[in-house]
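Since the structure comes first, as structure tokens, the remarks are kept for the end.
The values are calculated or read from the model by the stated rules, or taken from the named source; none is laboratory data. This one's a predicted model, so the numbers in the text were calculated from it and none came from an experiment. All Cβ positions, glycine included, derive from the backbone under ideal geometry; neighbour counts span all protein chains shown. Note: areas computed on protein heavy atoms with side chains; ligands, DNA, RNA excluded. Shrake-Rupley method; radii C 1.70, N 1.55, O 1.52, S 1.80 Å.
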Amino acid sequence: MRAEDVIAVLDALDGAGVRFWIGGGWGVVALAGRQTREHRDLDLAVQAEDLPACLAVLSDLGYVAETDWLPVRIELAAAGARWVDVHPVRFTEGGRGRQAGLGGTHFDYPPGSFTSGSIAGRRVNCLSAEQQRQFRTGYDPRPQDIHDLAELDAVQRGFHGQDGSC
């Protein structure tokens, strides 16, 4: 998925008032402020209440559900090798997020899990370096995970704050 495809999705979601944060490989790009590898898809943590609006926007952009594991996640594809992987997250009043997982498990998003970065010069909301690192545990890392973890190391070494923000 190309940066201009990512920006088109983000602009459309912003226009519809959808609240989201970028994770995965593009989330690492956002924190690093530069792209160092190709990415198959765009991973988005979306406020669960905004999921219907998010899916409508993606449909308008030509995306069709390929893998529907809701309420855990839904992956959509469009012509031109464009993929978006949407993860609905429910928030408490204290700002803690929770995403359903398979088999009754869940993923936590502590309040410090959210920050901002940039993709192709556009300011974006994204998951913190620590949260993205957490999501790359519990399985044998793939080559792209090893690359992203090294990028996260570099990002975290470059910051003096503890939140991982850019």
Inset, instruction - Give me the distance in nm between label points sitting 7 Å out from Cα along the Cα-to-Cβ direction at Leu70 and Ser118, one decimal. - result: 3.6
Inset, instruction - Before anything else, pin down the relative contact order of the chain: Cα pairs under 8 Å, at least 6 apart, normalised by residue count, whole percent. - result: 24
Inset, instruction - Note down the accessible area of Glu49, probe 1.4 Å, to the nearest 10 Å². - result: 110
Legend entry - Phi-based couplings in Hz for segment 60-69 (Karplus 6.51, -1.76, 1.60; Gly and Pro marked x): 4, 8, x, 7, 10, 4, 10, 10, 10, 10
Inset, instruction - Would you mind checking which residues have amide H under 5 Å from Gly101's amide H? H placed 1.01 Å from N; only 5 or more apart, or other chain. - result: His106, Phe107
Legend entry - Kirkwood-Stokes translational diffusion coefficient of segment 1-49, alpha-carbon pairs, 4 °C, 1.567 mPa s, µm²/s: 115
Legend entry - Accessible surface, per residue, of the chain when the full set of protein chains is kept, probe 1.4 Å, Å²: 50
Inset, instruction - Multiply the residue separation of Asp108 and Gln156 by 0.36 nm, subtract the distance between their alpha-carbon atoms, and state the gained length in nm to one decimal. - result: 15.2 nm
Inset, instruction - Please work out which option in (i) 1.02; (ii) 1.09; (iii) 0.93 gives Rg/Rh (Cα atoms, Kirkwood Rh) calculated from these coordinates, and answer with its label. - result: (iii)
Inset, instruction - Rounded to whole Hz and in sequence order, give me ³J(HN,Hα) for segment 108-114 from the Karplus expression 6.51 cos²θ - 1.76 cosθ + 1.60, θ = phi - 60°, writing x for Gly and Pro. - result: 9, 10, x, x, x, 7, 10
